[in-house]
Amino acid sequence: MKVLVIGGGGREHALAWKLAQSSRIETVFVAPGNGGTAQAERIRNIEITDLAQLCDWAVNEKIGLTVVGPEVPLAAGVVDLFRERGLRIFGPTKAAARLESSKAFSKDFMQRHNIPTALHMTFSDRAQAHAFVTDRGAPIVVKADGLAAGKGVVVAREIEQAHAAIDRMLPEVADPDTRVVIEQCLEGEEASFIVMCDGKNVLALATSQDHKRLLDGDQGPNTGGMGAYSPAAVVTPAVHAKAMREIILPTIRGMEKDGIAYTGFLYAGLMIDAHGQPRTLEFNCRLGDPETQPILMRLKTDLLELLLAATETGEDRKLDQIELQWDRRTALGVVLAAKDYPQQPRTDDRIRGLPQPGADVMVFHAGTRREGDDVFTSGGRVLCVTALADNVRQAQQRAYEVVREIQFDGMQYRGDIGHRAA
Ligand code: AMP
Ligand code: GLY
């Protein structure tokens with residue numbers, strides 16, 4: 001079978017790498033892919049970014065299954081488009097992807113369905129937003145409505161930061177289409193809780209924890225994610241059960257009630273308080289990046305069979321009957337980012353010292369491109385060095401050993417991935 005992975009980041013390299021291990025797969029195409037997927041066995045990049053063209057290509061090529069990595073094509077309706085042409089694709093429809101693509105939609109949805117989350121208000125008028133912040137005081141959180149690659153959120157410890165964020169995110173003259181969500185600041189420890197859904201049944205993947213801030217000690221600006229590990233011990237069995245019962249299942253049922261069947265990966269960003277109560281920080285309608293890299297390194301189940309089961313329809317939907325097999329060890333991934341990420345990442349730096357892939361270490365590519373035997377940076381997050389070992393500390397050691405072999409000008413990475421668990 002031929003399969004297609006849409007996207008070009010580290011998450012998509014990990015998906016393609018895992019799918020290529022499936023015996024029934026002839027070729028994994030990745031559109032557009034990156035320098036890592038450009039040179040791997042049974043994986044091929046395909047240079048089409050226009051979704052209508054990609055859909056035509058997939059029909060001609062007789063692609064048996066498509067899986068979508070990033071949120072942008074999902075929010076643009078790629079699942080609707082492929083399904084209309086009779087193609088099998090795993091992901092949410094455009095309407096369902098609003099759980100991620102509009103923070104205002106997802107916050108209103110959570111409120112209506114009693115899903116635990118921070119209290120919030122939505123504004124398009126600057127003066128009203130400023131007055132609300134003045135009234136509530138700091139700490140407070142300001143979020144741009146719409147997709148912002150994890151960079152549209154300001155957690156304001158000082159009130160001035162919140163006022164500045166409002167002025168930056170809202171135009172001087174109110175426009176109903178440009179909104180901010182202002183919400184209560186939650187305290188606790190974060191975790192990424194990702195499930196798969198076939199429109200009816202839910203199957204949870206292994207837990208993980210991301211590191212959103214650029215610098216060690218969770219300092220500096222928010223990024224798309226600087227490193228992750230799986231499993232995340234903060235998600236105890238009790239927290240897991242609560243997250244399923246109070247967040248995931250009511251979300252899938254709530255979408256169904258609202259007439260929007262949810263298919264695809266669903267990612268709840270959780271904040272878990274000192275009493276073990278999880279609350280939803282956000283929904284993503286896809287796998288996390290970089291969480292996918294450690295999660296898929298631990299997955300022993302055949303990913304093709306899993307995705308085929310998840311894309312069954314009607315009475316054939318039996319995703320809840322699958323028992324996933326996981327490597328019991330910990331996987332930990334460290335992101336190497338380009339100079340000046342996340343503001344204005346520089347590109348075209350030559351990467352040296354890339355190791356050969358080993359059994360327990362993978363260097364997943366993200367913003368890279370290949371020219372002959374040379375690899376250059378081509379985006380903000382460049383690589384994710386992911387290692388498997390018996391515990392967090394050993395996985396950390398192994399990953400950082402490999403990180404230290406790799407060099408490119410301006411390379412940035414955190415030295416403390418896994419610090420909450422090590
Ligand atoms: P989001 O894109 O909504 O996940 O926000 C990005 C990051 O901002 C989250 O991973 C949290 O670290 C932080 N954040 C978002 N909302 C809140 C909140 N209500 N309270 C505290 N931190 C938050
Ligand atoms: N790592 C966070 C995200 O994928 O949104």
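Quick look at the values:
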| read-out | value |
| --- | --- |
| Per residue solvent-accessible surface (Å²) - the chain, probe of 1.4 Å | 42 |
| Cross-link partners of Lys300 among lysines (Cα-Cα below 30 Å; sequence separation of 8 or more within a chain) | Lys2, Lys18, Lys62, Lys200, Lys212, Lys242, Lys318 |
| The range 311-341: GluC sites (Glu not before Pro) falling in loop per DSSP and having at most 11 other Cβ within 10 Å | Glu323 |
| Residue-level accessible surface for Ser23, protein heavy atoms, 1.4 Å, Å² | 100 |
| Which of Pro70, Gly276, Gly410, positive extreme of dipole for the chain (C-beta unit charges) | Gly276 |
| Rg/Rh for the range 266-348, where both radii come from Cα atoms and Rh is the Kirkwood radius | 1.07 |
| Separation in nanometres of the label points that stand 7 Å from Cα toward Cβ, at Val173 and Ala241 | 5.8 |
| Mean residue ellipticity (222 nm) of the chain, computed from DSSP H runs ≥ 4 via -39,500 (n - 2.57), nearest 500 | -7500 deg cm²/dmol |
| Surface share of carbon and sulfur [accessible, 1.4 angstrom probe, percent] for the chain | 46 |
| Nearest-10 value in Å² for the accessible area of Thr292, using the 1.4 Å probe | 0 |
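The values are calculated or read from the model by the stated rules, or taken from the named source; none is laboratory data. Predicted model, so just to flag it, every value in this text is computed and none were measured. Please note: Cβ atoms are built from the backbone with ideal geometry, for glycine as well, and neighbour counts cover all protein chains shown. SASA here: full protein model, heavy atoms, side chains in, ligands and nucleic acids out. Shrake-Rupley method; radii C 1.70, N 1.55, O 1.52, S 1.80 Å.
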